[in-house]
Amino acid sequence: MNIKPSIITKLAKSAPVLIAIKETESFVGAAARLSIDQSAVSHRIRMLEDDIGLQLFVRTTRKVRLTQTGKILCDAAKSATVVWNTALEKIKNDRQFNQIKLTVPSSLAMKWLVPAISRMDEAGLDLSLDVNDNMVDLHAAEADVAIRFGPGPYPGFHVDHLAHCKFTPVAQTGFDIGAALNFWDLRKENLTLLLDRRGQLDGTGYSWDNYFKEIHAAKPNATRQHSFDRADLMLQAAMSGMGIALGRTLLIENDIAAGFLKAVGPPASARSKYWLVTTTSFAQTGKYQLLLSWLKEQIYSTVQYEAPASP
């Protein structure tokens with residue numbers, strides 16, 4: 001059976017009539033529901049039957065009964081209406097609201113993004129924040145956008161670079177590593193290095209081993225170590241005086257500015273960076289561009305600090 005485009009058009013226009021007839025089991029009832037004449041309903045169905053060449057309904061004195069063809073088309077009309085209603089609702093929400101579901105690693109949320117949310121309203125953004133250390137499925141709409149820390153790239157997604165990253169040793173402001181001692185002499189002291197266990201395993205290179213390799217120095221062999229499951233917990237331990245934590249860009253600037261932490265070693269470039277990741281379709285929306293611009297402004301305005309120079 002060759003389907004003419006004109007038949008598809010007629011079926012689309014007739015969808016409300018088909019649904020009303022099926023649900024009321026009557027041409028009269030369908031006409032009343034749609035506030036049109038019964039003759040208009042009968043005429044529309046007769047034209048469809050002529051175009052398709054098959055009977056859609058069996059008329060009786062009490063009610064109409066669907067043929068197999070009629071049932072198929074009525075079900076299709078119902079499904080199409082649901083799809084279009086969903087699409088229109090999405091358009092309505094997109095036009096009326098700038099809400100974005102943004103998924104962010106817990107440490108980044110706690111140390112950087114949450115403090116910045118108070119400035120979000122000024123940009124006209126409405127963020128629904130999903131704090132999640134695991135990668136969510138953006139294609140399945142578990143979130144609209146994700147901030148990810150890693151080497152990249154992320155095939156199959158639209159990706160925008162947000163910021164480069166540096167690793168910097170940090171400790172409690174009052175932490176003293178010795179009057180005549182600097183960071184390069186840590187191996188002489190029985191100090192404690194604090195670790196982010198996830199960073200050692202997730203492929204981001206967020207580890208003391210990579211830090212010492214980057215600054216071309218040997219890692220102290222005799223130094224004690226404590227591991228934490230999250231970077232924000234590790235930094236909290238450093239603030240309590242437990243030892244030296246390996247900080248990174250966007251996780252430590254606010255605490256340094258507030259006087260809770262201080263840099264006690266030279267920064268080292270990291271191969272991992274911060275990325276904004278989304279689907280190709282969502283990247284075309286105005287609210288994504290608004291979010292991208294706002295995030296870059298927040299990064300640009302993040303408090304900068306001077307790390308101690310190497311000897």
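Laboratory data are not the source of any read-out in this text; all were calculated from the coordinates shown. Being a predicted model, the structure only gives us computed values, none of them experimental. Positions of Cβ are backbone-derived with ideal geometry, glycine not excepted, and every protein chain shown enters the neighbour counts.
The table that follows gives values for the structure above.
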read-out	value
Simple label model, 7 Å out from Cα along Cβ direction - THR81 to LYS296, nm	4.6
FRET efficiency, 1/(1 + (r/R0)^6) with R0 45 Å, evaluated for SER281 and ASP51 via beta carbons	0.80
Within-15-Å neighbourhood charge of ILE117 [Cβ basis; K, R +1; D, E -1]	-2
The chain - percent relative contact order, Cα under 8 Å, separation 6 or more	20
Structure-based [θ]222 nm, the chain - -39500 (n - 2.57) summed over DSSP H runs of at least 4, per residue, nearest 500	-11500 deg cm²/dmol
For VAL131, net neighbour charge (Lys/Arg +1, Asp/Glu -1) across residues whose Cβ lies under 11 Å away	-2
Ranked packing of 292-300, 134-142, 204-212, most packed first, by mean Cβ within 10 Å	204-212, 292-300, 134-142
Estimated vicinal HN-Hα couplings, Hz - region 109-126 in sequence order (Karplus 6.51, -1.76, 1.60; Gly, Pro = x)	4, 5, 8, 9, 6, 4, x, 8, 5, 4, 9, 5, 4, 4, 8, x, 9, 10
Least to most buried among MET120, MET110 (fewest other Cβ within 10 Å first)	MET120, MET110
5 angstrom amide H check on THR192, placed H, neighbours 5+ away	ILE244
Entries of LYS166/LYS296; LYS111/LYS287; LYS213/LYS296; LYS111/LYS213; LYS78/LYS287; LYS22/LYS78 with Cα pairs more than 20 Å apart	LYS111/LYS287; LYS213/LYS296; LYS111/LYS213; LYS78/LYS287
For Cα extents along the principal axes in Å, calculated from these coordinates, the label among (1) 104, 38, 30; (2) 67, 53, 47; (3) 72, 40, 40	(1)
Net charge of Cβ neighbours under 12 Å - reference TYR274; Lys, Arg +1; Asp, Glu -1	+4
